[in-house]
Amino acid sequence: GYARFGATYSDNADDWNTASRLRLQFDVSTETDGGIVFGARQRFQTEENLSTGGATDPNNSNGARFYMSTNGFTLAMGNILGVIEAAPNLYLPTASSGMGLEGNGFYSLAANTSSNGGRFAWTAYDSAGAGAVEGVEVLYSMNGFGAHIHSTEYSYGVGANYTFSGYTVAVAYEEWDAAAPGGQVDGDSILFASIGGTIGAFDVALAYASTEFSGVEADKWSLKGGYDFGTGLTVYGFVASEDVVDESYGIGASYDLGGGVSLEGGITQTDEALDDTIVSLGAFFSF
Amino acid sequence: GYARFGATYSDNADDWNTASRLRLQFDVSTETDGGIVFGARQRFQTEENLSTGGATDPNNSNGARFYMSTNGFTLAMGNILGVIEAAPNLYLPTASSGMGLEGNGFYSLAANTSSNGGRFAWTAYDSAGAGAVEGVEVLYSMNGFGAHIHSTEYSYGVGANYTFSGYTVAVAYEEWDAAAPGGQVDGDSILFASIGGTIGAFDVALAYASTEFSGVEADKWSLKGGYDFGTGLTVYGFVASEDVVDESYGIGASYDLGGGVSLEGGITQTDEALDDTIVSLGAFFSF
Amino acid sequence: GYARFGATYSDNADDWNTASRLRLQFDVSTETDGGIVFGARQRFQTEENLSTGGATDPNNSNGARFYMSTNGFTLAMGNILGVIEAAPNLYLPTASSGMGLEGNGFYSLAANTSSNGGRFAWTAYDSAGAGAVEGVEVLYSMNGFGAHIHSTEYSYGVGANYTFSGYTVAVAYEEWDAAAPGGQVDGDSILFASIGGTIGAFDVALAYASTEFSGVEADKWSLKGGYDFGTGLTVYGFVASEDVVDESYGIGASYDLGGGVSLEGGITQTDEALDDTIVSLGAFFSF
């Protein structure tokens with residue numbers, strides 16, 4: 001698991017607050033005589049002293065993901081990953097998977113469209129709640145090619161990606177066929193596509209998503225990049241543009257202290273959901 | 001702990017559903033200079049991504065059982081086992097302790113009488129909740145003889161068993177002396193008796209229970225057996241008959257894949273509580 | 001962590017009850033190349049089969065405390081210790097930190113003033129709940145000198161202590177500047193002071209607190225001492241006097257069985273909140 005703590009600032013709230021998360025992760029697995037690995041993952045996560053799930057009592061376990069895996073083939077059930085969530089270059093390759101210590105609202109994600117309410121609307125491994133209902137997924141990877149399909153009580157998804165010469169192209173699509181607890185309705189959909197790779201000390205990725213929720217479409221582009229100075233310091237940034245709202249952009253840095261500890265900081269300016277400047281900074285350590 | 005995942009089917013619901021459970025078990029213990037072992041057991045259990053306790057938020061720890069043990073004598077407190085729950089040959093010797101992956105309603109248990117509502121009405125170690133209120137129990141085992149008494153805020157129990165030449169005979173009795181949260185009232189009782197043993201690759205057991213809840217009596221017989229083919233495959237089944245309702249029967253199989261992993265499947269037909277056919281199958285692994 | 005189980009008696013309730021607690025403690029930490037330790041502590045605690053937090057469902061994790069520490073300097077966030085809670089000689093040096101197995105109401109704490117409702121009113125690491133809101137604290141220790149300051153959403157605190165020739169003198173002060181969820185209001189305060197040390201097999205401490213809650217002041221003295229017979233047996237006791245109510249006193253004993261196991265028992269007589277005699281005894285073991 002990991003822990004992180006520091007501070008966040010929101011220009012709208014005009015207030016600095018402490019920020020913290022502790023994630024205890026239990027990965028259990030065993031292997032059959034025939035070489036099939038069976039395993040499960042469960043997290044116990046606490047944020048700002050409270051359950052990530054939102055209760056005032058910090059009871060914080062999530063739903064478990066169960067899997068069996070052999071020869072590049074994985075079958076999983078329960079709190080599944082989902083095809084959008086698992087698509088390459090959806091998230092930034094940072095400690096928070098977004099900007100700074102906590103992600104700063106994750107405006108860097110192309111699939112996070114604000115104008116139609118499509119923020120984190122896809123099926124994903126839920127660190128704080130039960131996750132997918134009746135979730136089942138199959139992943140396959142071979143010779144740089146990866147395929148991923150999933151099914152839940154409310155949606156299905158399909159994804160594919162291919163890695164060649166250090167570049168990865170990916171596409172993923174999820175569509176709902178029933179009204180879901182997250183507010184999605186029959187016919188809602190997310191299409192995500194990305195290309196990204198590494199050129200020397202640079203990593204760069206371009207992502208695109210087209211989302212439709214309750215009949216309202218929103219498209220979003222996100223260009224992301226980072227540079228590793230080779231001294232423990234990495235600097236990264238993004239520019240994202242959604243068709244019916246203004247841009248978001250951000251810049252951040254990570255400094256590696258060794259032993260799994262790093263200092264993380266980042267600032268995001270967004271005109272998406274509402275005009276805001278968000279800062280988060282602090283220490284991150286894995287254990 | 002262990003994990004299991006697969007699918008269940010109920011003829012009444014006419015629907016297949018995913019089925020999963022993750023049980024993280026913490027067993028802690030230490031030993032005094034005089035050789036007395038002090039310990040405790042607590043479980044964190046999740047089913048179908050949710051708390052086994054039923055909340056939508058998967059917060060899943062149970063009450064702890066505390067014990068001290070020396071020379072065949074054990075004193076325990078808290079979330080105690082209870083005399084009926086711990087009686088030999090109440091449960092099947094399968095991965096689910098019942099039929100198939102999940103138990104299929106546990107109609108194989110003689111003490112589970114449907115006609116008077118006496119299903120799982122006894123004091124038991126609760127994997128999903130707090131368990132017994134003011135529970136205390138003493139167990140003693142010596143030279144094949146075992147004795148067990150318990151006391152809770154609402155009931156007391158006494159049990160005994162004896163093992164000779166590979167056979168075990170057991171009897172256990174629990175009686176309530178106050179209205180309990182589980183719905184039991186003063187005077188309710190469960191009497192359980194069993195005999196079981198192993199003959200070569202066969203194991204067989206016969207169990208009987210007489211239960212009285214709110215003045216309504218119900219008696220039930222259950223005959224259970226299994227055969228180990230010696231190839232990793234075990235086949236087992238049961239027939240149970242309750243005096244005022246029709247029979248239940250079931251057949252199941254377990255196939256050992258090594259590494260603590262097995263495939264489990266079983267089908268149960270019951271006319272007890274309501275006429276139903278139940279199937280559960282999938283993978284089980286311990287870690 | 002640790003576990004303890006036994007029985008308690010209250011003369012007012014005129015009833016014996018079982019008493020138990022299981023504390024699973026997760027301490028995680030890592031160290032940077034520069035020698036700075038980053039860590040976090042979280043507990044999962046169950047009492048009498050239930051969540052310490054009070055819910056009937058035993059979901060029992062608390063808020064986490066995060067820290068970084070180097071060269072005697074510690075910065076912590078989240079579920080912080082607090083200056084009063086961490087002050088030397090506030091608690092007894094027993095397994096329960098109070099009298100007997102469970103503390104018997106902790107009347108031995110000078111800062112626990114009953115007449116003005118100031119029982120456990122200070123900021124403290126909460127084993128059962130989220131703990132401080134927006135809590136940050138800094139501790140520093142060097143050459144026997146210790147300093148401690150904290151800040152929360154509702155209060156700030158400052159403490160200092162000095163150890164010389166086996167004696168420790170300490171003073172700590174917490175004041176509220178806003179109405180807090182615990183019932184404190186702007187202007188409430190706790191001043192705590194103590195001196196304690198070891199003379200051969202004796203340990204002795206004198207503590208004093210002056211508390212003001214909602215304009216009502218209460219002062220309390222507590223004299224505490226213990227004697228280690230060197231045979232595994234330790235006997236200890238206290239006398240405490242609050243200015244507007246009568247005295248409390250208690251006597252207890254601990255017997256070490258080795259392996260981290262001890263028998264603990266104690267009796268407390270109090271005239272503080274209400275006239276009562278409290279007994280708790282049982283077994284304690286750490287793991």
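Just name the residue that is nearest to residue C:48 (Cα to Cα) out of those in the range B:125-146 that are away from chain C (no Cβ under 11 Å) and among the hydrophobic types (A, V, I, L, M, F, W, C).
B:138
Give the residues of the range B:116-162 that are among the hydroxyl-bearing types (Ser, Thr, Tyr) and in contact (Cβ under 8 Å) with a residue 60 or more places away in the chain, sorted by residue number.
If the condition is that a residue be among the hydroxyl-bearing types (Ser, Thr, Tyr) and in contact (Cβ under 8 Å) with a residue 60 or more places away in the chain, then B:125, B:127, B:140, B:141, B:152 are the ones that fit.
Would you pick out the residues in the range C:172-191 that are outside any loop (DSSP other than H, G, I, E, B) and either within 19 Å of residue C:63 (Cβ to Cβ) or free of Cβ contacts under 8 Å to residues at least 60 places away in the same chain (or both)?
C:174, C:175, C:176, C:189, C:191
Any chance the range A:207-219 includes a residue that's within 28 Å of residue A:142 (Cα to Cα), among the aromatic types (Phe, Trp, Tyr) and in contact with a Phe, Trp or Tyr (Cβ under 7 Å, 6 or more places away or on another chain)?
yes
Using the structure shown, decide if residue C:158 is farther than 19 Å from residue C:66 by Cα, in a loop (DSSP other than H, G, I, E, B) and of a type in the set (Val, Ile, Thr).
Here the answer is no, as residue C:158 does not meet what is asked.
Scan the range A:54-77 and tell me whether some residue there is hydroxyl-bearing (Ser, Thr, Tyr), away from chain B (no Cβ under 14 Å), more than 30 Å from residue C:45 (Cβ to Cβ) and surrounded by fewer than 22 Cβ atoms within 10 Å (Cβ to Cβ).
Looking for residues that are hydroxyl-bearing (Ser, Thr, Tyr), away from chain B (no Cβ under 14 Å), more than 30 Å from residue C:45 (Cβ to Cβ) and surrounded by fewer than 22 Cβ atoms within 10 Å (Cβ to Cβ), one finds none in the range A:54-77, hence no.
Please go through the range B:45-90 and give me each residue that is modelled with pLDDT of 95 or more, closer than 26 Å to residue C:19 by Cα and of a type in the set (A, V, I, L, M, F, W, C), ordered by number.
B:66, B:68, B:73, B:75, B:76, B:77, B:80, B:81, B:83, B:84, B:86, listed by residue number.
Determine, yes or no, whether residue C:245 is β-branched (Val, Ile, Thr), in contact with an Asp or Glu (Cβ under 7 Å, 6 or more places away or on another chain) and free of Cβ contacts under 8 Å to residues at least 24 places away in the same chain.
No: the conditions fail for residue C:245.
Quick test of your reading of the structure: residue A:119 fulfils all but one of (1) more than 29 Å from residue A:166 (Cβ to Cβ); (2) surrounded by fewer than 22 Cβ atoms within 10 Å (Cβ to Cβ); (3) in contact with a Phe, Trp or Tyr (Cβ under 6 Å, 6 or more places away or on another chain); (4) more than 14 Å from chain B (Cβ to nearest Cβ). Name the failing condition by number.
(3)
Could you go through the range C:223-236 and let me know if any residue there is within 19 Å of residue C:92 (Cβ to Cβ), more than 14 Å from every other protein chain (Cβ to nearest Cβ) and at pLDDT below 95.
no
Among A:108, A:141, which is surrounded by fewer than 24 Cβ atoms within 10 Å (Cβ to Cβ) and either touching a strand residue (DSSP E or B) at 6+ places or on another chain (Cβ under 7 Å) or more than 29 Å from residue A:22 (Cβ to Cβ) (or both)?
Only one candidate passes the filter, namely A:141.
In the range C:169-213, which residues are under 10 Å from residue C:154 (Cβ atoms) and β-branched (Val, Ile, Thr)?
The answer is C:185, and nothing else.
Take residue B:93 and tell me if it is at pLDDT 95 or above, in a loop (DSSP other than H, G, I, E, B) and either more than 8 Å from chain C (Cβ to nearest Cβ) or at negative phi (or both).
Taking the combined requirement at face value, the residue satisfies it.
When the range A:8-53 is examined, which residues are found to be more than 14 Å from chain C (Cβ to nearest Cβ) and hydroxyl-bearing (Ser, Thr, Tyr)?
Those that are more than 14 Å from chain C (Cβ to nearest Cβ) and hydroxyl-bearing (Ser, Thr, Tyr): A:10, A:29, A:30, A:32.
Exactly one condition in (1) free of Cβ contacts under 8 Å to residues at least 24 places away in the same chain; (2) at positive phi is not met by residue C:166; state its number.
Condition (1) is where residue C:166 drops out.
Within the bounds of the range B:226-235, is there any residue that is closer than 25 Å to residue B:124 by Cα and in contact (Cβ under 8 Å) with a residue 12 or more places away in the chain?
no
The values are calculated or read from the model by the stated rules, or taken from the named source; none is laboratory data. Quick caveat: nothing in here was measured; it's all calculated off a predicted structure. Glycine also receives a Cβ, built like all others from the backbone with ideal geometry; neighbour counts cover every protein chain displayed.
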